[in-house]
Amino acid sequence: DGRLTFSPGNQTVDLPFINFMKRHGTVFLNAYTNSPICCPSRAAMWSGLFTHVTESWNNFKGLDPGYVTWMDLMEKYGYRTQKYGKLDYTSGHHSVSNRVEAWTRDVDFLLRQEGRPMVNLTGDRKHVRVMEADWQNTDKAVNWIKEEAVNLTQPFVLYLGLNLPHPYPSPYAGENYGASTFLTSPYWLEKVTFEAIKIPKWSSLSEMHPVDYYSSYTKNCTGEFTKEEVRNIRAFYYAMCAETDAMLGEIISALRDTRLLKSTVVMFTADHGELAMEHRQFYKMSMYEGSSHVPLLVMGPGVKKQQQIPNMVSLVDIYPTMLDIARVPVPQHLSGYSLIPLLRGSEVSLTQLSPRPSWVLSEFHGCNVNSSTYMLRTDKWKYIVYSDGRSVPPQLFDLSADPDELTNVARKFPVIVRSLDKILRSVVNYPKVSSLVHQYNKREFISWKQSLGQNYSNIIANLRWHQDWLKEPKKYENAIEEWL
């Protein structure tokens, strides 16, 4: 959650290396994902293109294999490149359930798809390495810096992708389980200030926006939750962020130990945030701040220190920025803009013919949301529109007056809605894109159904939604037939 990298959000947990980067570099106050889910978000970051341009519709439809990323170009221009950890930009590691849930989101039914969010404390006060796989990848990156990078005569670019602070799988929910367990150890939990944790306000279920209600239901969050449960989920999430911060610290320390820190640009960001029970949801897949607002911190040569940048930026800006740092020619067709002028503290860039826009775009076409969603964020406004723009009511939030996004003011400000909608349509023909996604979902589902033959009824009944489906299997199969 990007809000944890600046006040007041960062009062809840100690993040020493994020704070180190703030002191020695620049923090972006308004950085957003271009799609609040792993694979489409990473596709945007690695390609510099909006989601609808690459047609990265869900967690297993990202960039085409062989797509030329910024790292490929840097390698071509003489950089030594190295990647460790989670990449997920062509396709993520996701179950059949995930796919079917994404394809059938337009079907007229409500089925729980996730395990109920819960917490799990493991180990004792000495247990530091909770997410072992991430620590192993961090070790590999540290060793590479100390053994390889330090001896290179050419410049290098190193990428480390972590899973944390992503919730862990929840085996109790069955073999198709989602990831709804917030897991940490007492060591990390002690870094969290429980008194500072804000318990989010929830609308009543009957007052929720129809898409929010669908999301809350499929994420198994419509049941009763005590204040203590909500506080714990948030505390465990913050503890997982503290563990992530420690891994960032390992990289910074390795660069310092090898005397590379002063000559290396370090960038820290995320593919999406975590709602952690805000708006009666956990996980991502939402345009609310907890899910769509990401951290972005940069430090290194040429980067202004202790700078906070209010400009709207997003992950598509990383592609031109990396090429700008490497002095590699930036392709003209990109959706993003180099951050270098902002990082240097100057507004103008000689390489940019057109100025950076005053808005960012995010869009979502995957599971847990029963409609394609588009978000335009400008100075104080966040405008969210669904599907064709007519069949589902839009949302408008004034983030300066309502940072928690509790009051939809779309009806109150029709002129603002019209003007933001005009900008949005100039960037993406969203009714057309929604229709393309709808067709894609049907096509993929039909092809999957045909591949199963007579096993179809049994397999679809036993996906992650089995607890709901098996109560009335015929009803749900019929709903799919109607949709098709």
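The values are calculated or read from the model by the stated rules, or taken from the named source; none is laboratory data. This one's a predicted model, so the numbers in the text were calculated from it and none came from an experiment. So basically every Cβ, Gly included, is an ideal-geometry build from the backbone, and we count neighbours across all protein chains shown. SASA here: full protein model, heavy atoms, side chains in, ligands and nucleic acids out. Shrake-Rupley method; radii C 1.70, N 1.55, O 1.52, S 1.80 Å.
General observations
- Dividing the radius of gyration of the alpha carbons in the stretch 262-350 by their Kirkwood radius gives 1.03 for Rg/Rh.
- Area projected by the alpha carbon convex hull of the stretch 253-296, averaged over all directions, nm²: 3.9 nm²
- Distance from the stretch 359-397 to the stretch 182-213 (C-alpha centre basis), Å: 23 Å
- Mean silhouette area of the chain, derived from the convex hull of its C-alpha atoms and averaged over all directions, reads 22.6 nm².
- As a size descriptor, the averaged projected area of the C-alpha convex hull of the stretch 98-249 was calculated at 12.8 nm².
- Coordinate range along principal axes, alpha carbons of the stretch 1-115, Å, largest first: 50, 43, 24
- Among residues other than Trp144 with Cβ under 11 Å from its Cβ, the summed charge is +1 (Lys and Arg +1, Asp and Glu -1).
- If both residues of a DSSP beta bridge must be in the stretch 16-360, then about 40% of such bridges are antiparallel.
- Sites Leu470 and Ser435, calculated FRET efficiency, Cβ-Cβ separation with R0 22 Å, nearest 0.05: 0.10
- At 0.890 mPa s and 25 °C, Stokes diffusion of the stretch 199-276 via Kirkwood alpha-carbon radius, µm² per second: 153 µm²/s
- His127/Tyr172 FRET efficiency (R0 30 Å; Cβ-Cβ; nearest 0.05): 0.90
- Using a probe of 1.4 Å, the accessible surface attributed to Ile446 totals some 70 Å² when neighbouring protein chains are kept in position.
- Modelled FRET efficiency - R0 30 Å, Phe6 with Ile416, Cβ distances, 0.05 increments: 0.70
- Cross-link partners of Lys471 among lysines (Cα-Cα below 19 Å; sequence separation of 8 or more within a chain): Lys219
- Computed lengthening from Ser400 to Lys140, 0.36 nm per intervening residue step minus Cα-Cα distance: 89.3 nm
- At least 18 Å along the helix axis (C-alpha) and Kyte average at least -0.5, DSSP helices within the chain: 227-257, 414-427
- For peptides 182-189, 460-467, sequence by mean Cβ density within 10 Å, most packed first: 182-189, 460-467
- Solvent-accessible surface of the chain, taken per residue with a 1.4 Å probe and all protein chains present: 43 Å².
- Ordering of 449-459, 194-204, 225-235 by packing [mean C-beta count within 10 Å, highest first]: 225-235, 194-204, 449-459
- Among the listed pairs Lys22/Lys126; Lys198/Lys442; Lys83/Lys191; Lys422/Lys449; Lys126/Lys304, those beyond 32 Å (Cα-Cα): Lys198/Lys442; Lys422/Lys449; Lys126/Lys304
- Set of aspartates and glutamates near Lys201 by C-alpha distance (under 13 Å), chain-local residues within fewer than 8 positions excluded: Glu278, Asp402, Asp404, Glu405
- Extension gain for Glu75 to Lys449 (0.36 nm times residue separation, less C-alpha to C-alpha distance): 130.4 nm.
- What separates the Cα centres of the stretch 438-484 and the stretch 1-33 is a distance of 43 Å.
- Thr407 paired with Lys442, simple spin-label distance in nm, labels 7 Å along Cα-to-beta-carbon: 4.2 nm
- Within the shell of other residues whose beta carbon sits under 9 angstrom from the beta carbon of Thr218, the net charge comes to +1, with Lys and Arg scored +1 and Asp and Glu -1.
- Solvent-accessible area, 1.4 Å probe, carbon plus sulfur percent, for the chain: 50 percent
- Cut-off 9 Å between beta-carbons: net charge of the residues surrounding Ile197, Lys and Arg +1, Asp and Glu -1: +2
- Segments 48-60, 108-120, 413-425 sorted - mean Cβ within 10 Å per residue, highest first: 48-60, 108-120, 413-425
- Heavy atoms of Cys39: accessible area, 1.4 Å probe, square angstrom to 10: 0 Å²
- Taking the Kirkwood radius as Rh and the Cα radius of gyration as Rg, the stretch 414-484 has a ratio of Rg/Rh equal to 1.22.
- Note on the chain: helix-only mean residue ellipticity at 222 nm, from DSSP H runs of 4+ residues weighted -39500 (n - 2.57) and normalised by residue number, equals -10500 deg cm²/dmol.
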